[in-house]
Amino acid sequence: QETNSPAFGKGLFNLVGKDSSWTMKIGTRMQILSITNWDQNDGGNLADAESNFLIRRARLKFDGYAYSPKLKYKIELGLSNRDISGASQYTSYAPRYILDAVVMWNFYENFELWAGQTKLPGNIERVISSGNLSLVDRSLVNSRFNIDRDLGLQLRHHTYLSDKFLIREKLALSQGEGRNVTTGNQGGHQFTARLELLPFGEFKGKGDYSGSDLVREESPKLMLAATYDSNQDAVRTRSNLGSYMENDTGLYSTDINTLFIDAMFKYNGFSFMGEYADRTADNPVAVNTDGTPTGEVVAVGDGINLQAGYLFPSDWEVTGRYTNINLDEQITGTQPVSQYTLGLSRYIVGHKLKVQTDLSYLSTEGNNDELMYRLQLDVHF
Amino acid sequence: QETNSPAFGKGLFNLVGKDSSWTMKIGTRMQILSITNWDQNDGGNLADAESNFLIRRARLKFDGYAYSPKLKYKIELGLSNRDISGASQYTSYAPRYILDAVVMWNFYENFELWAGQTKLPGNIERVISSGNLSLVDRSLVNSRFNIDRDLGLQLRHHTYLSDKFLIREKLALSQGEGRNVTTGNQGGHQFTARLELLPFGEFKGKGDYSGSDLVREESPKLMLAATYDSNQDAVRTRSNLGSYMENDTGLYSTDINTLFIDAMFKYNGFSFMGEYADRTADNPVAVNTDGTPTGEVVAVGDGINLQAGYLFPSDWEVTGRYTNINLDEQITGTQPVSQYTLGLSRYIVGHKLKVQTDLSYLSTEGNNDELMYRLQLDVHF
Amino acid sequence: QETNSPAFGKGLFNLVGKDSSWTMKIGTRMQILSITNWDQNDGGNLADAESNFLIRRARLKFDGYAYSPKLKYKIELGLSNRDISGASQYTSYAPRYILDAVVMWNFYENFELWAGQTKLPGNIERVISSGNLSLVDRSLVNSRFNIDRDLGLQLRHHTYLSDKFLIREKLALSQGEGRNVTTGNQGGHQFTARLELLPFGEFKGKGDYSGSDLVREESPKLMLAATYDSNQDAVRTRSNLGSYMENDTGLYSTDINTLFIDAMFKYNGFSFMGEYADRTADNPVAVNTDGTPTGEVVAVGDGINLQAGYLFPSDWEVTGRYTNINLDEQITGTQPVSQYTLGLSRYIVGHKLKVQTDLSYLSTEGNNDELMYRLQLDVHF
């Protein structure tokens, strides 16, 4: 029996190779989720309950450095059916088992070069790990507009403008069709730039990319950031996500641009996260060579997401969220939607062992409303 | 080199987190199997040999407790193609990689609440791990009638009626469509109740749920048990297994009820396991809205399985098995079958390193008989 | 924190069970690859650049012995989409996650019996691990003619003819349809025999099955070998690989024979590898019962691959490769191709941490030529 394993939530193993020639932290986690949905029926009442019980996520994570502390790596694998779904001709009809497989090389001072597959520097909500959210899951703004993971290169840099004022720059050059693609680049490449301003210095415990103020920041901390993403000759309806826009000669392509402006603020148990997303496309309606529409369109439009929570000293948290999405109705035929979410979380060992529940009311113009109740258990080693 | 690893068969790792904040046993196992089948030809002779060599199962298993010994968990993953097969629209077209992902909370005295995906408290033969069988594989009664794994909740309790007389109650509420489903509950829910009577006390080394009397019980041990399972508005032909009964408007559904009565007896190297299974359905013939049959029917009928073995002091075991299945012929169009199996096992390190072989004769009324020979090697770390 | 982990490249864990009852080395590796292709256009210029960035391979490897040093095992799992692709009705429509799952029993003196799934004793280039190549990837001769992995038995033996002269004999009996098949043997079985002659003794550090002379052999080392493989009633176009030859009554089958002659030579940083492959089939054109061709044909023909490299004292290596393939043009309709490759490798920690790049010019008779540039990073724990 090995009794020198890390504390709960700190990984299964924290390996250090001979002569410190490498390190690896191995972690695993799972989320057990129950969802119940009610639709508003013609009489205006909520009815037709539908339920779903699932292993929402189950992951294995490996990270550390190889040979030199300047050469870091991260591998994250998905195990649940939701994690690995998405097989298509573009993934060799194989499940998408690998989430991250990336090498990060600190080649000079504050510069890092990343190569492989990992999250793009997109909206904050996407980059926060699904295990560190303050509600059961991410918002509709994220699911409509995020730029997820991709294969390619990233260049990252950070510097201090003053004693405290930290700025970070993140650039990415990617294939533009998302993760686990085996068929190579279609259309053109994707370019991403993100700038992050932290005027009051770093958050404690990487709190800028973690939901809820679990560390109860003693002084106010803020991150203000913007991402601009240009996917040249993109072939999918949501930039590097969504359906492939197939037409009579192969794949329809158009430039898709996505803008994110987001903020994170934390102070003394209070946390606020806000996001604005906007997507445009040169020619959002996919057409065949003779100009007839194929039926696929780029999901152009914008959305806003505002979320705030307070962590009581008892480690119970109440969180509220407002989400509004306006897709271009003429192009997408989709009505604006608003969602109101109220969440309650009990952090037993921070994000590592927690029970979260939330209630969401979805209001769609001209359509029936929906109510959703979720309950989730997280266990992260 | 770490020389403080567990003994062979006791897991790869037995981790204990700092301050005993968690534990994890990590194990792995594989089964290499060879099968040869002969069909009786029109002349009455066994001929047309067909062979199959495969990695039958390969598994990774993680279990222990998280944060508190009262909060246990188990994760089991399948690796072989047979383990992970079964992708469909109901599993996001992804392989079914996760077998178990369940959390078990001992919230009060002898009560445990389980949440997640794991085996239902069904027939004993199903619940015995495939690595702990006394023949190469489970019987036809199991493959026809078992209720496998599902997603949902279980409530478990045990108590002693006297010094020795142990009883266990197991209740489950499940989605009713089996494991790894991502599309939520179809039709209604599934309810399972199992009662187990152990009048002479617990078996040594969890022998009630393990084939063969490897520990050579010094006094007779018996478990008598019954399970009643009601799958409300079930949509698959074998309750939560089998084909989905698709019809013109979606999925046909009917209540499917399954009864199991089973027993395990062990004494001094001798072991006996018996099972009776019976399945009924309110309306076993799946129909379209106009009443025409879709072609799918619920596999209603009953079956019996009797198996006995003796473990010689040399750790060789001889096992015999008789299996009989009577599906309702009018509904299913299936003739009764009987199977006679004779097995020989050599336990080198118990079930952890063993070679098993068996010969099965299958007799089907009105059809050609079949002979099957199997040879399997198990290696379990 | 565990600081007694192996050195970089020597595995994540080197476990030794209690009382030396088992051992396991656990390793992992990944390859991040970028490919750019140019086609010669009608004007004779190289144009139409296409790029592909992918996680080429990601693997988990487990090996050691179980219970006795005479009973070794190896399990290798693929994680990347390229690794696990190939799902079909013959693999239960499941991804091919397991690469190796094999048990090796040293039952008598220099004899070993292998059972399970692993590489057949085919051409040397195939048997060299993809992590130990001296160019970015294997040659076209390998991709056209290799006999890959299969399920079945192998018998291996080695002996010394003199003080130094080592010979090895390897025999295999396999299903003949390749790895991860769950549908059993189709057609007949596959028989493989390989003889290896090492007149100057063993290579240092298993260098006979590793690219590049990283150990800088102090005296010349040579392996000369030949494999003859006969796949009886084979049903796939490249023996146990390629398309299944389906016809009107099921699967067309014919005997396919493959011959390999290969050599490896190393001395003082210089390495040479040569291979000749030849494939014949009794009736290479797949037909229906009425004799009409199905469109599938066995890829009969021959190929040659010659490769040499020199490792400079700085651990930079320059490698050249010439590959020529002549498929039977009348049967396959395929023109002869030649490929010229020039590679540059930088071994930072041998094959365990390396950057490799190569440039290949493909010349096809009567067709447009192609240029391919590749850059790959290997990280192996």
Quick test for you: out of C:218, C:196, pick the one residue that is assigned to a strand (DSSP E or B), closer than 30 Å to residue C:342 by Cβ and modelled with pLDDT of 95 or more. C:196
Residue check, residue A:81 within 11 Å of another protein chain (Cβ to nearest Cβ), modelled with pLDDT of 95 or more and out of contact with any strand residue (DSSP E or B) (no Cβ under 7 Å at 6 or more places or on another chain): yes
Find the residue count for the range C:302-320, including only residues that are assigned to a strand (DSSP E or B) and either hydrophobic (A, V, I, L, M, F, W, C) or closer than 12 Å to residue C:237 by Cα (or both). 6
Which condition number in (1) more than 22 Å from residue B:85 (Cβ to Cβ); (2) within 14 Å of chain A (Cβ to nearest Cβ); (3) not small (Gly, Ala, Ser) is the one that residue C:111 fails? (2)
Hey, any hits in the range B:335-347 for a residue that's more than 22 Å from the chain's Cα centre (by Cα) and crowded, with 16+ Cβ neighbours inside 10 Å? no
Check the range B:34-52 and report whether any residue there is more than 8 Å from chain C (Cβ to nearest Cβ) and under 23 Å from residue C:15 (Cα atoms). no
Looking only at the range A:7-23, and only at residues there that are in contact (Cβ under 8 Å) with a residue 24 or more places away in the chain and aliphatic (A, V, I, L, M), the one that is farthest from the other protein chains (Cβ to nearest Cβ): A:12
In the range A:57-95, how many residues are within 21 Å of the chain's Cα centre (by Cα), without any contact (Cβ under 8 Å) to a residue 12 or more places away in the chain and on the phi > 0 side of the Ramachandran plot? 0
Sort out which residues of the range B:283-328 are over 27 Å from residue B:249 (Cβ atoms) and touching a helix residue (DSSP H, G or I) at 6+ places or on another chain (Cβ under 6 Å), and write them in order of number. B:303, B:305, B:323, B:325
Looking at B:238, B:279 in this structure, which one is modelled with pLDDT of 95 or more and under 28 Å from residue A:32 (Cβ atoms)? B:238
Which count do you get for residues in the range A:352-381 that are assigned to a strand (DSSP E or B), in contact (Cβ under 8 Å) with a residue 40 or more places away in the chain and within 13 Å of chain B (Cβ to nearest Cβ)? 9
The residue from A:206, A:266 that alone is farther than 28 Å from residue A:173 by Cα and not in a loop (DSSP other than H, G, I, E, B) is A:266
Can you tell me which residues in the range A:116-173 are assigned to a strand (DSSP E or B) and charged (D, E, K, R)? A:119, A:149, A:150, A:156, A:168, A:169, A:170
State whether the residues of the range B:206-219 include one that is more than 23 Å from residue B:303 (Cβ to Cβ), surrounded by 20 or more Cβ atoms within 10 Å (Cβ to Cβ) and not acidic (Asp, Glu). yes
Is it the case that the range C:158-181 has a residue that's surrounded by 15 or more Cβ atoms within 10 Å (Cβ to Cβ), β-branched (Val, Ile, Thr) and within 14 Å of chain B (Cβ to nearest Cβ)? yes
Return a yes/no flag: does the range A:301-324 have any residue that is surrounded by fewer than 19 Cβ atoms within 10 Å (Cβ to Cβ), under 26 Å from residue A:218 (Cα atoms) and within 17 Å of the chain's Cα centre (by Cα). yes
Please verify whether the range C:289-301 includes one or more residues that are part of a strand (DSSP E or B) and either of a type in the set (Phe, Trp, Tyr) or closer than 20 Å to residue C:139 by Cα (or both). yes
Search the range A:215-228 for residues that are closer than 26 Å to residue A:192 by Cα and without any contact (Cβ under 8 Å) to a residue 60 or more places away in the chain and pair each with any residue that is of a type in the set (Gly, Ala, Ser) and not in a loop (DSSP other than H, G, I, E, B) when their beta-carbon atoms are under 8 Å apart and the residues are at least 6 apart or on different chains. A:221/A:207; A:222/A:263; A:224/A:263; A:228/A:193
What number of residues within the range A:262-277 satisfy the criterion of being surrounded by 17 or more Cβ atoms within 10 Å (Cβ to Cβ) and free of Cβ contacts under 8 Å to residues at least 40 places away in the same chain? 2
Taking the options A:98, A:26, name whichever one is within 14 Å of chain B (Cβ to nearest Cβ), in contact (Cβ under 8 Å) with a residue 24 or more places away in the chain and crowded, with 21+ Cβ neighbours inside 10 Å. A:98
All positions within the range B:171-225 that are among the acidic types (Asp, Glu) and over 21 Å from residue B:111 (Cβ atoms): B:177, B:213, B:217, B:218
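The values are calculated or read from the model by the stated rules, or taken from the named source; none is laboratory data. Keep in mind that what you see is a predicted model, and the values were worked out from it rather than measured. All Cβ positions, even for glycine, are placed from backbone atoms using ideal geometry, and neighbour counts span all protein chains on display.
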